[in-house]
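Undergrad: If you scroll down you'll find the structure; I have some questions about it.
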Amino acid sequence: MNWGLFQGLLSGVNKFSTAFGRLWLSIVFIFRLLVYVVAAERVWGDEQGEFDCNTRQPGCTNVCYDFFFPVSHIRLWALQLILVTCPSLLVIMHVAYREDRERKRKEKLGENYSQLYPDTSKKRGGLWWTYLLSLVFKTIIDIVFLYIFHSLYKNYSLPSVVKCSIDPCPNVVDCFIARPTEKTIFTIFMVVTTAVCILLNLCEMVYLIGKRCRECILERTKKRYRHFPTMPFAGNHPFNTSHREFYALNNQLNARLELYPPEATMKPENQ
């Protein structure tokens, strides 16, 4: 496996991820990929060669193995890990597309060009949808593989002995599975980590959608107040004075016009 390529993929996705996304990457890398490479491959090993039946009938062992293990655990996990990391490439490719557009625009218009994206790696517009769709795809992939495992291997456990009566077996024969306890433990461990990854993806989707809705509400509120007409007595308006000053000015005007005695009718109220 090309560890450099995988490390580059993780570091590239990590720059655009939220806290939930970084935790998801850590679980995939440490608890799923490393466990798969270091331990699971050794536990399964030559799985078909270690599957033994108490008969010497030619072809019986192979047919029984194919019946009970149509797809090996280890190969299903490998396919799952490959597919579950592929949606992250969508985010990296989208960011690379943005950066390429900015570069071409800069070459065409010069240094004083107007940027298409204030920040090419910020999750806005199409990149936000790409990131959200990548979470949806990863969640669907993990759920589908959990269903496949449950359909093939009930309760995600392996018995030590299985009975097989498929042709060309002469009768009901007993077949023995190597290291069933270890395989059951690893299977349950991988199922649990997959369920945790699904939960983290759902939490991240809720977080992104909730944050986006909050930003939209705040933006609408700002626009509403931006277009709201100003009050006539707001700010430095000439009538924005205290009651005492207002009545004093009114008394002076009345005295000049000789309408009313200034002290009699326009006495300010006690504040």
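The values are calculated or read from the model by the stated rules, or taken from the named source; none is laboratory data. Note that the structure is a prediction, hence the values are computed from the model and not measured. Positions of Cβ are backbone-derived with ideal geometry, glycine not excepted, and every protein chain shown enters the neighbour counts.
Undergrad: Scan VAL196, VAL173 and give me the residue that is surrounded by 11 or more Cβ atoms within 10 Å (Cβ to Cβ), modelled with pLDDT of 90 or more and in the same structural domain as SER17 (by TED's automatic domain parsing).
TA: Of the residues listed, the single one that is surrounded by 11 or more Cβ atoms within 10 Å (Cβ to Cβ), modelled with pLDDT of 90 or more and in the same structural domain as SER17 (by TED's automatic domain parsing) is VAL196.
Undergrad: Would you please list the contacts, defined by Cβ atoms under 7 Å and residues six or more apart or on different chains, that run from a residue in segment 189-207 that is within 16 Å of TYR147 (Cα to Cα) to a residue that is of a type in the set (Ser, Thr, Tyr)?
TA: Once the first residue is within 16 Å of TYR147 (Cα to Cα) and sits in segment 189-207, its partners that are of a type in the set (Ser, Thr, Tyr) give VAL191/TYR156; ILE198/THR139.
Undergrad: Of all the residues that make up segment 151-170, how many are of a type in the set (Val, Ile, Thr) and crowded, with 17+ Cβ neighbours inside 10 Å?
TA: The number of residues fulfilling the criteria is 1.
Undergrad: Follow-up. Tell me, which residue of segment 136-165 that is part of a helix (DSSP H, G or I) and of a type in the set (Ser, Thr, Tyr) is nearest to the chain's Cα centre (by Cα)?
TA: The qualifying residue nearest to the chain's Cα centre (by Cα) is THR139.
Undergrad: Suppose we keep only residues that are modelled with pLDDT of 75 or more and part of a helix (DSSP H, G or I) within segment 41-58. Which one would you say is surrounded by the most Cβ atoms within 10 Å (Cβ to Cβ)?
TA: The residue in question is TRP44.
Undergrad: In this structure, does TYR65 turn out to be modelled with pLDDT of 70 or more and crowded, with 17+ Cβ neighbours inside 10 Å?
TA: Against the criterion (modelled with pLDDT of 70 or more and crowded, with 17+ Cβ neighbours inside 10 Å), TYR65 qualifies.
Undergrad: Still on this structure, I have one more. Has segment 206-214 got at least one residue that is part of a helix (DSSP H, G or I), modelled with pLDDT under 80, exposed (fewer than 11 other Cβ atoms within 10 Å of the Cβ) and not small (Gly, Ala, Ser)?
TA: The answer is no; no qualifying residue exists.
Undergrad: Filtering segment 99-132 down to residues that are among the aliphatic types (A, V, I, L, M) and surrounded by 14 or more Cβ atoms within 10 Å (Cβ to Cβ), which residue is modelled with the lowest pLDDT?
TA: That would be LEU127.
Undergrad: Name the pairs: first residue in segment 80-94 and in the same structural domain as TRP128 (by TED's automatic domain parsing), second residue assigned to a helix (DSSP H, G or I) and of a type in the set (Lys, Arg), Cβ to Cβ under 7 Å, at least 6 apart or on different chains?
TA: LEU81/ARG32; VAL84/LYS138; PRO87/LYS138
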